[in-house]
Amino acid sequence: MSEQDWTLLPAVTVRSAGFAWELVRSLAYPRAAAAAAEVVRLEQRALDLLAEAPARRTPAEDPRPARSAVGGDARPARGTGGGRLPRGLRSRLRDLRPLPGDTPAPADWLADWNEVTGSLEDARLALAGTTAADAALARAAVAGIAADERFLDALVRSAPGLYRDLRRGVAKGGRLRRLVGSVLQGLCATCSFGPLDHGRVEPAAAGGHTWSGHRAHLRRVAYPADWVGESLQRRVLADPALVAGLVPRRRTWTGAVPDAVPDAARFVALCDGSRTLAEIAAESGTELERAAAALAVAVRRGLLTHDLCPPATVADPLSWLRDRLPTETPRPEVPRPEAPRSEAPRSDGPRPDASRSDVHRSDVHRPGGDLPVGRRVREITELLAQYPAASPDVKLALQRRVETLAGSGRTHDDRPGDDRVVVHEAAAGTLQVTVGEGLAADLEGRVPPVLDLLAADAELSRRRTNRLLAGRLGAGTFGLAEVLGATGDLEIRHGDRLAERIAAIVRAAPPGAATVDLAGLLDDPEPPAAPVLCSADVMVAAPSLEAYEPGVTPLVLGDLHDVALLTPWDLQFHPDGAALVAERDAAIVRALGGHTALNVISRRATGRPPLEFPGPVLELGGVTADGGRRRIGLDELYVHSDGRRAVLRAKGVDGPLLLHNGEHDDTALHTALALPRVRRPDLRHLSRVPRLTWDNVVISRRAWRVGRASFEALGQAVGDRELLVAMARLRETHDLPVTFFAASPRECRPIHVDARSPALIEGLVRLVATAERLTLTETLPGPEECWLRDGGLRFAAELRCVYLRPAGGPPAPRPKPETADACSPAARSRAVARYPGPADVRPDSCSRVADPVAPGARTAHPYPWQGECR
């Protein structure tokens with residue numbers, strides 16, 4: 001193995017659906033859908049006969065309507081006789097019904113017509129009967145699912161508003177069916193709601209798995225939603241019993257300071273992580289109340305943080321805060337009928353130190369009946385300890401109590417997204433997977449050539465966008481904070497070589513080809529000049545892992561991530577979680593080589609902590625939990641540009657930096673200054689894309705781009721029969737499979753559609769209204785190809801694999817020193833905002849950077865932690 005080969009980390013995360021495919025399939029009308037397909041087939045035969053009918057009139061002379069009731073041409077190219085047909089016969093032709101025996105038409109044509117349309121009438125009658133029978137079964141299935149404890153538990157956790165509607169009886173009949181269908185398709189078809197499970201790549205071992213079933217969990221824990229923590233932080237800053245003892249420190253940017261106090265610059269300078277707010281107020285000559293207001297403003301603006309603000313990267317910020325709040329004076333417990341109380345689990349973390357003892361207060365009710373922060377946090381912790389084992393009704397009551405204690409003032413609604421969820425849960429499953437022998441060989445040997453293609457394309461995007469950024473800035477040195485504001489309208493210039501080559505191959509493929517193998521059809525890609533860290537969600541399309549055939553069984557690449565997604569959150573239940581994280585970090589350091597990645601710590605936004613990898617950190621919205629990390633302030637970062645290439649650098653750091661996070665939105669600035677961001681080639685300009693493979697590795701599933709006009713018949717359909725017939729016509733027109741995923745550019749998640757299920761078809765109709773065009777993708781692997789089974793139940797599952805690759809060449813050369821041209825007035829006029837250089841730089845010169853720090857030397861950090869030398 002060469003030093004530039006891909007490294008597959010041996011630890012993999014196994015993600016599963018948690019709900020069986022059979023549940024969502026119980027909503028289907030299989031017999032009615034088959035009858036609808038037969039109706040459409042016979043309609044097409046009748047329309048073909050109508051087009052072939054003999055005639056004497058030209059189409060312009062023919063008085064019959066141009067379109068039939070089923071959407072086909074009701075006028076034959078030639079009429080059925082020498083004169084105008086009676087109205088009744090024209091109506092039968094238009095509706096594709098049998099004609100009387102004395103109709104003026106050739107006998108053989110009339111016989112064929114009556115045979116086909118007679119069968120069509122029988123098929124329509126059969127469709128009516130099977131629709132009624134299947135609808136009864138589907139209604140029973142919906143009622144059973146709506147009463148199922150596991151479904152209700154999932155609903156109350158992910159969509160409390162919908163659960164309230166269900167319990168109040170608001171959702172009935174068709175609305176109940178839509179509710180169940182919209183929720184159930186996500187639970188069964190996506191690998192996002194199952195427990196946390198794990199596996200290991202062992203090439204010398206036999207592949208397989210052990211599992212106690214989908215109902216078994218080793219452990220379940222509950223965490224508050226991010227907004228709960230933010231609300232509690234606002235209360236901390238407003239609590240007179242706590243605010244005086246807070247220890248503020250600067251975070252990322254000191255270019256702007258709060259104006260709530262006089263001499264704000266001195267106030268911020270004193271926030272060095274070693275003084276309490278009371279001490280800062282005394283030294284600065286500011287009243288404590290005004291200092292507290294200034295601190296609240298600075299924290300809200302992201303300028304300061306404090307010692308009771310949980311780091312964004314800890315898994316359980318509430319327990320972190322609880323263990324650092326002053327202890328309370330015991331008081332009698334107040335019984336709550338909503339949920340039984342239990343002893344809250346205690347953390348093994350250190351208790352508050354003695355330095356905070358001067359601000360301890362009795363934790364009792366205050367005037368007006370308000371609870372102090374400490375009591376709120378402890379009660380929320382107790383409620384969360386009860387939450388996982390509670391019934392759905394009790395969980396709803398616990399959510400309401402948590403919301404009340406947090407004091408968010410939020411209103412209940414049914415908007416999608418995590419912002420409306422009160423409590424998140426994580427569960428430890430019992431699934432253990434051994435990725436052995438043939439599967440391990442394919443993951444290590446057949447997936448990397450595909451990643452080589454994508455990495456080269458990502459590197460091209462990075463270089464092109466970097467050149468675009470440098471052209472926008474011109475020659476000079478610019479503060480990153482101002483570059484952020486000046487390049488907001490800059491668009492990513494994606495690499496298009498791979499997409500163009502694949503598009504040419506697809507166009508040259510035989511018409512109607514379902515699969516195109518790209519192996520041997522593409523040139524060897526150029527190795528990227530920067531390291532590549534990525535993760536691939538791989539689905540094995542086999543009835544069992546033991547049945548896997550190397551080089552034959554499809555390996556489907558699902559989502560691709562430009563980050564190493566083996567995180568402490570994913571490993572929180574793993575007995576060797578800390579060791580696996582250390583193993584990951586060591587592999588990342590080896591892959592980075594001589595490059596330095598700057599970790600961007602963002603705020604918590606999805607219920608999970610942001611990512612944090614080896615290297616220095618930029619606290620942009622979130623705070624790191626590792627006090628030993630080199631923290632780089634936003635005002636320490638600058639971009640050096642020569643007009644052709646832009647490089648990110650920082651004061652006191654030797655060499656250029658590359659941003660790394662993986663959670664940011666796609667922006668030009670981040671793409672230009674970050675590690676290569678692996679993406680699939682953009683083929684959206686093709687209306688139909690066959691399945692793209694590299695041997696047995698599926699790079700891209702079959703896809704169709706379908707405009708809104710094609711779905712009009714679905715939107716106009718009334719009743720289940722019309723829906724099924726309209727869907728059968730849509731499938732016939734576009735050659736769609738029975739099941740597929742539909743995605744809209746305005747929705748973050750695709751939906752699963754079963755063409756036999758009116759409930760799921762209605763979800764497709766609602767999605768159509770959001771965009772002019774939808775992307776439809778085949779379901780692969782389908783239920784029959786799922787290896788994770790519990791008896792007769794089948795579950796979607798995927799292996800999240802982390803791949804690391806060092807740079808394909810030596811580290812990029814450092815930019816040449818600025819020349820006189822770079823310091824010309826024209827260059828200065830193009831600067832967004834000059835980085836404040838060292839004191840020895842003349843005010844009239846271009847901004848320059850300090851000399852590099854000698855290797856091994858350490859400079860005093862401007863934002864020290866408590867006890868750290870400044």
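The values are calculated or read from the model by the stated rules, or taken from the named source; none is laboratory data. Treat the numbers as computed from the prediction; the structure is a model and nothing was measured. All Cβ positions, glycine included, derive from the backbone under ideal geometry; neighbour counts span all protein chains shown. Ligands, DNA and RNA are excluded from the accessible area calculation, which covers all protein heavy atoms including side chains. Shrake-Rupley method; radii C 1.70, N 1.55, O 1.52, S 1.80 Å.
Taken over the range 1-54, the criterion of being crowded, with 21+ Cβ neighbours inside 10 Å, out of contact with any strand residue (DSSP E or B) (no Cβ under 9 Å at 6 or more places or on another chain) and outside any helix (DSSP H, G or I) is satisfied by TYR29 alone. Could we say that THR477 is touching a Ser or Thr at 6+ places or on another chain (Cβ under 8 Å) and open to solvent by 50 Å² or more (accessible area, probe 1.4 Å) here? Answer is no for this residue.
Is it fair to say ASP537 is outside any loop (DSSP other than H, G, I, E, B), in contact with a strand residue (DSSP E or B) (Cβ under 9 Å, 6 or more places away or on another chain) and within 15 Å of VAL435 (Cα to Cα)? So ASP537 fits the description; yes. Scanning the range 592-609 for residues that are on the phi < 0 side of the Ramachandran plot and open to solvent by 10 Å² or more (accessible area, probe 1.4 Å) yields LEU592, GLY594, HIS595, THR596, SER602, ARG603, ARG604, ALA605, THR606, ARG608, PRO609. Farther than 27 Å from ALA126 by Cβ and open to solvent by less than 10 Å² (accessible area, probe 1.4 Å) - does that describe any residue in the range 733-751? Yes: one or more hits. Within the set VAL563, VAL540, VAL552, VAL556, the sole residue that is farther than 14 Å from VAL802 by Cα and under 20 Å from the mean Cα position of the chain (by Cα) turns out to be VAL556. Assessment of the range 130-149 against the conditions (of a type outside the set (A, V, I, L, M) and farther than 29 Å from ALA33 by Cα) yields at least one matching residue.
Regarding LEU237, is this residue over 19 Å from TRP787 (Cα atoms), of a type outside the set (Ser, Thr, Tyr) and touching a helix residue (DSSP H, G or I) at 6+ places or on another chain (Cβ under 6 Å)? Reasoning before the result, please.
Values: over 19 Å from TRP787 (Cα atoms): yes; of a type outside the set (Ser, Thr, Tyr): yes; touching a helix residue (DSSP H, G or I) at 6+ places or on another chain (Cβ under 6 Å): yes.
Against the criterion (over 19 Å from TRP787 (Cα atoms), of a type outside the set (Ser, Thr, Tyr) and touching a helix residue (DSSP H, G or I) at 6+ places or on another chain (Cβ under 6 Å)), LEU237 qualifies.
With respect to the conditions (1) open to solvent by 20 Å² or more (accessible area, probe 1.4 Å); (2) touching a residue at least 60 places away in the same chain (Cβ under 8 Å); (3) touching an Asp or Glu at 6+ places or on another chain (Cβ under 8 Å), ASP559 lacks only one, and its number is (2). Check whether at least one residue in the range 105-121 is free of Cβ contacts under 8 Å to residues at least 60 places away in the same chain and either in contact with a Lys or Arg (Cβ under 6 Å, 6 or more places away or on another chain) or outside any helix (DSSP H, G or I) (or both), and report yes or no. Yes, some residue in the range 105-121 is free of Cβ contacts under 8 Å to residues at least 60 places away in the same chain and either in contact with a Lys or Arg (Cβ under 6 Å, 6 or more places away or on another chain) or outside any helix (DSSP H, G or I) (or both). Determine which single condition ALA542 fails, assuming it passes every other condition in (1) touching a Gly at 6+ places or on another chain (Cβ under 6 Å); (2) open to solvent by less than 20 Å² (accessible area, probe 1.4 Å); (3) of a type outside the set (Ser, Thr, Tyr); (4) assigned to a loop (DSSP other than H, G, I, E, B). Just one mismatch for ALA542, condition (1).
Among the residues of the range 681-703, just one is among the charged types (D, E, K, R) and in contact with a helix residue (DSSP H, G or I) (Cβ under 7 Å, 6 or more places away or on another chain), namely ASP682.
Apart from one condition, THR567 fits all of (1) hydroxyl-bearing (Ser, Thr, Tyr); (2) more than 30 Å from GLN432 (Cα to Cα); (3) modelled with pLDDT of 90 or more; the exception is (2).
Residue count for the range 157-203 satisfying the condition of being modelled with pLDDT of 95 or more and either in contact with a Cys (Cβ under 9 Å, 6 or more places away or on another chain) or over 25 Å from CYS786 (Cα atoms) (or both): 1.
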